[in-house]
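**Student:** First the structure, then my questions, so here it is.
FYI, it's all coordinate maths here, none of it is from the lab. Computed from a predicted structure; not experimentally measured. Cβ atoms come from the backbone with ideal geometry, glycine included; neighbour counts cover every protein chain shown.
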Amino acid sequence: MFKLLSVGSLIVLFSTTVLALEYEEHDAMLMDHGDGHLMDMAGGMVMGQNTDTLPGGCDSVSETKEITVHAGHKYAEKFPGRMFAFDTQEFNFKPCTKLTVHFINEDNIRHQWMMHGLPKYLYPMGMFHLEASGPSRISGTLILPPGDKTYLVHCDIAQHMEKGMKAQLKVGKGDGDLPSIPGVTAFVIADDYKATLPELAVKADAEELIAPPVSVTTAPVPLPTVKQDDSVISGVTVIGLALGLLVAPFLARKFKGMSVSEVVAYIFDLLRVFFGMVAKLISRLIKIMVANKNKILPEK
Ligand SMILES: [Cu+2]
């Protein structure tokens, strides 16, 4: 009984260590490269960090705020057809807020929290950008500009924004909404999810059953949409089997009484002869080609 209990506790112990996701802490490893650019060797990066310079038009920092944003595939599950998402799609802050973003990437790939449209005299290329090769955490600080404006926040890794990792950050009242923000604004290109996949599969099966196997009397029917060839035995397999059946009796006679090593040696010998023939054939072809060239050359 004690044995059983200890085994059980060991299993629980190991499974929890396996289940617990290890997050890399980038903040402690970041190296300051100047101009608000911090980076480490483990895939963490902060760009546009600004903890003390007030943007033009701000007399002082109006508020100091900290937010934690999670990023990952699991946050996209509630948005049909999307693959990646932040856990928050809309942010709102007072003008001139000093904002610290703690970014937690929960996927085993790279994600970013990238803000666009900031004043370029203060933020290189008008961007504030956190990047983390996940699963990991990274933090950065910026001071938001004055005025009412809506800023795009997204992940710039190829196709991650299109697949749902997109949000908007409104300073003050903002100046409108951005399109295709999951759960916030309408998609520019809407997907059609009127029927779920299992329903579609059942419908396709039913149509196959109704359709006559050979249509002789009916008028030409448009070809069905490309159907995957799911037959296990392909043409190549059939040819291979036929060749194998033809050669098998010959080989069986040949190999009778031979040991395994002898059989292997024999096969290698056959391959050697075969490749020798191929090599001879190629060299003969090259000779013919060269000879033809020599014939043509003197005529010029
Ligand atoms: Cu991403």
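**Student:** Please work out how much length the chain gains when fully extended from residue 241 to residue 23, using 0.36 nm per residue of separation minus the C-alpha to C-alpha distance, in nm with one decimal.
**Tutor:** Going from the current span to full extension adds 73.2 nm.
**Student:** Tell me the label-point distance for the pair residue 252, residue 94, using the 7 Å Cα-to-Cβ offset, in nm and rounded to one decimal.
**Tutor:** 9.2 nm
**Student:** Oh, and also: Report, to one decimal in Å, the Kirkwood hydrodynamic radius for the stretch 33-138 based on all distinct Cα pairs.
**Tutor:** The Cα-based Kirkwood calculation yields 14.9 Å.
**Student:** FRET efficiency for residue 289 and residue 156, Cβ-Cβ distance as r, R0 = 45 Å, nearest 0.05?
**Tutor:** Efficiency computed from Cβ-Cβ geometry: 0.25.
**Student:** Taking the alpha-carbon centroid of each part, what is the distance from the stretch 78-116 to the stretch 247-269 in angstrom?
**Tutor:** What the calculation gives is 66 Å, centre to centre.
**Student:** Give me, ordered by chain and number, the residues 5 or more places off residue 27 or on other chains with an amide H under 5 Å from its own placed amide H.
**Tutor:** Under 5 Å from the amide H of residue 27: 139.
**Student:** A further question follows. Per-residue counts of other Cβ atoms within 10 Å, averaged by peptide: what ranking do you get for 273-284, 170-181, highest first?
**Tutor:** 170-181, 273-284
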